[in-house]
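Remarks on the structure that follows.
The values are calculated or read from the model by the stated rules, or taken from the named source; none is laboratory data. As the structure is a computational prediction, the values presented were derived from the model and not from experiment. Because the Cβ atoms are built from the backbone with ideal geometry, glycine has one as well, and the counts that use them run over all protein chains shown.
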Amino acid sequence: MDICLITGSAGLIGSEAVEFFSKKFDLVLGIDNNMREEFFGKEASTRWNQERLEEEIINYKHLNTDIRNEKAVEAIFSEYGHDIKLIIHTAAQPSHDWAVKDPFKDFSVNANGTLVLLENTRNYCQDATFIFTSTNKVYGDTPNFLPLVELETRWEIDKSHRYYEKGIDESMSIDQTKHSLFGASKVAADILVQEYGHYFGMKTAVFRGGCLTGPNHSGTQLHGFLSYLIKCAITSEHYTVFGYKGKQVRDNIHAYDLVNMFWHFYLNPRCGEVYNAGGSRYSNCSMQEAIVLCESLTQKKMNYSYSNNNRIGDHIWWISDVSKFQRHYPKWEYKYDIEAILKEVFMSMSKRV
């Protein structure tokens, strides 16, 4: 029996991975204890998604386990480890705003939880492929010091600096920068995953995501940019734009496109690899541009206001250069651009709110 183990399995990327890999593996084990509700409130609960997966996918088994619980996680690996071929680790505390409220819990989930999973992988299924969803926040605010120019609806890289024409690649330093506490805990996990690859020769990969999105996102004000924006556009709930004149740029990658990257890596894995994983030049928008697109979808004006106070450590301009991954896996390609993403999220959100 071939098993795929997915943490955060009821979340955005986790649930997309469950659907994708349930067609590739005999059994998919999902670990998720709905901590997203604890972080962001009832509106962010992923129970609806868990129940959907359990109902629709016959070879999915849900485990209500906290990844920080060493004994409970070891019991899972002890029982299933000999058949586990792939671990996809998406469970996290994902908000840099929330991390300030409880740095200990943020670090224990993001860093310690990752260490628990890596050690059990090493002890019970060392030949398995281990994939970790990191974040572009590991680069801290270094991107904000790039040569940017202000355009009518967005910030953009100065055209004279052609190195960044395709976006930001993996050579950017993650040191000597303001990360946010969330960014720091993800750096710790990021480096751990790399180290288990380099030190133990394990097949590990770090995917540093831009804005990850899709129809199964339980977006809230503190996390889930496009999902929450569309929710506010549909319900007329107030939305606050924080800083940078609303011209801050994000590249947005659909959960399917990211999970498809995981699949290509699994087919030909490497040890301790790092990839920037976002929408790149193919799929991106500024906050102003996203609002216009949302208003076009809903055919009504959004209820929003602007605050001059940007979030600490927030990026002014982020576009991922995915050239490295494309060189390593040339058969992978995008399926969703920004307009296709918004339409799908809009259709899904319209049924849920």
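Some values worked out for this structure:
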{"quantity": "Among (1) among the charged types (D, E, K, R); (2) over 22 Å from Thr177 (Cα atoms); (3) buried (at least 18 other Cβ atoms within 10 Å of the Cβ); (4) in contact with a helix residue (DSSP H, G or I) (Cβ under 7 Å, 6 or more places away or on another chain), the one test that Arg250 misses", "calculated": "(2)"}
{"quantity": "Identity of the residue in the stretch 287-345, farther than 20 Å from Ser236 by Cα and of a type in the set (Ser, Thr, Tyr), that ends up surrounded by the most Cβ atoms within 10 Å (Cβ to Cβ)", "calculated": "Ser320"}
{"quantity": "Positions within the stretch 248-304 being of a type in the set (D, E, K, R) and over 19 Å from the mean Cα position of the chain (by Cα), in sequence order", "calculated": "Arg270, Glu289, Glu295, Lys300, Lys301"}
{"quantity": "Test: residue in the stretch 292-300 that is in contact with a helix residue (DSSP H, G or I) (Cβ under 7 Å, 6 or more places away or on another chain), among the small types (Gly, Ala, Ser) and not in a loop (DSSP other than H, G, I, E, B)", "calculated": "no"}
{"quantity": "First in the stretch 220-236 and over 12 Å from Val345 (Cα atoms), second anywhere and at pLDDT below 85 and of a type in the set (Val, Ile, Thr), Cβ under 6 Å, 6 or more apart", "calculated": "Thr235/Val353"}
{"quantity": "Single condition Ile230 does not satisfy, out of (1) within 28 Å of Gln326 (Cβ to Cβ); (2) assigned to a helix (DSSP H, G or I)", "calculated": "(1)"}
{"quantity": "Check on Ala188, within 21 Å of the chain's Cα centre (by Cα), of a type in the set (Gly, Ala, Ser) and buried (at least 22 other Cβ atoms within 10 Å of the Cβ)", "calculated": "no"}
{"quantity": "Long-range neighbours under 6 Å by Cβ, at least six apart or interchain, first residue touching a residue at least 40 places away in the same chain (Cβ under 8 Å) and more than 18 Å from Ala340 (Cβ to Cβ) within the stretch 285-305, second part of a strand (DSSP E or B) and of a type outside the set (Val, Ile, Thr)", "calculated": "Tyr304/Tyr239"}
{"quantity": "Any hit, the stretch 106-114, residues being outside any helix (DSSP H, G or I) and out of contact with any Leu (no Cβ under 9 Å at 6 or more places or on another chain)", "calculated": "no"}
